[in-house]
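Please read the structure below before turning to the comments.
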Amino acid sequence: MMKRFPSLSLSSYGIGWSANKRIAIVALVVTVLLATAATVAWLSGNGNGHQGQDHAAPAPTTSSPSSSEAAPKPTAASGSVPKPPQIAEPVAYAKAVAQMLWSYDTRNTSRDQQLAGMHAWMTKETTYADWASVLGQVPDPVLWSRMADQDQHATSTVTEGHYPGAFKQALAEDPSAITKAYIYVVTVNGKQQIAWKKGGGGAEERAVTLAVQCRPNHDCALAAIAPSVTQ
């Protein structure tokens, strides 16, 4: 069987939240909404956990994208990356984000197009937008090129999305706390189907915890991808 290159994994290329954005998000959102022991463990975790690693090939030795890499300039061309939906409900939007993150097609989408398409899902409020956490999901240019050489592409299905228990508990204890940033923490579970040349393929279970901003009377937007999954 032809060896495939790694997929857009939620852990393989994670570079974590950038220092400045981590401080802003933790100080303004997580510290208030998720002030529980479970949250402390979540924030100190490394990499988004997911099952299905039996199918994953070892990653070639390449560097991860730099956290200082600038966000792509707006462009009408985003290849296979869908445009963000007009959804005002946090769980529904988070499920759409997860499906976008787990789906890609190197046959018709360049890395720059992938990044531009993903950036369109981000909140425009720079205080809360952690682009580095999203950038960390995309392989570096060399690895993307190698994946493209093998026509690697993936589709995904989302099985469910929910508010983690720690988030629900903290919100119940102080419902007004969320009214500053209107950022909701949502965990999504699903499956990614991967394919490449000569009939190669496989499937992996996926899980991700997202921070999505849903201000009243506005569509939701992605704020950040958490460094680990919390259920």
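Brief remarks on what is shown
- From the alpha carbon centroid of the stretch 92-160 to that of the stretch 195-221 is 8 Å.
- Along each principal axis, Cα extent of the stretch 88-132, largest first, Å: 32, 23, 15
- Residues with amide H under 5 Å from that of Arg215, placed H, sequence gap 5 or more: none
- Mean separation of Cα contacts under 8 Å (6+ apart) over length of the stretch 78-231, as relative contact order %: 30 percent
- The alpha carbon convex hull volume per residue for the stretch 171-231 rounds to 123 Å³.
- Karplus (6.51, -1.76, 1.60) ³J(HN,Hα), θ = phi - 60°, over the stretch 153-161, in Hz, Gly and Pro reported as x: 8, 8, 10, 8, 10, 9, 8, 6, x
- Stretchable slack from Lys124 to Asp219, in nm (0.36 nm times residue separation minus alpha-carbon distance): 33.0 nm
- ³J(HN,Hα) computed for each position of the stretch 213-218 - Karplus, 6.51 cos²θ - 1.76 cosθ + 1.60, integer Hz, glycine/proline x: 9, 9, 6, x, 6, 9
- Ser145 - accessible surface, heavy atoms, 1.4 Å probe, Å² rounded to 10: 60 Å²
- Simple Cβ-charge dipole of the stretch 88-231, Lys/Arg +1 and Asp/Glu -1, about Cα centre, in debye nearest 20: 220 debye
- Couplings 3J(HN,Hα) of the stretch 119-131, computed from phi: 5, 5, 7, 7, 5, 7, 7, 4, 4, 10, 7, 9, 5 Hz, in residue order, whole Hz [Karplus 6.51 cos²θ - 1.76 cosθ + 1.60, θ = phi - 60°; x for Gly and Pro].
- Amide H contacts under 5 Å for Ser156, placed H, 5+ residues apart: Gln193
- Computed with every protein chain present, the accessible area of Arg107 is close to 130 Å² [probe 1.4 Å].
- Whole-number Å³ per residue for the convex hull built on Cα positions in the stretch 121-231: 122 Å³
The values are calculated or read from the model by the stated rules, or taken from the named source; none is laboratory data. All values derive from a computational prediction rather than experimental measurement. In this analysis, Cβ positions are derived from the backbone assuming ideal geometry, glycine residues included, and neighbour counts consider all displayed protein chains. What goes into the accessible areas is simple: the full protein's heavy atoms, side chains included, and nothing from ligands, DNA or RNA. Shrake-Rupley method; radii C 1.70, N 1.55, O 1.52, S 1.80 Å.
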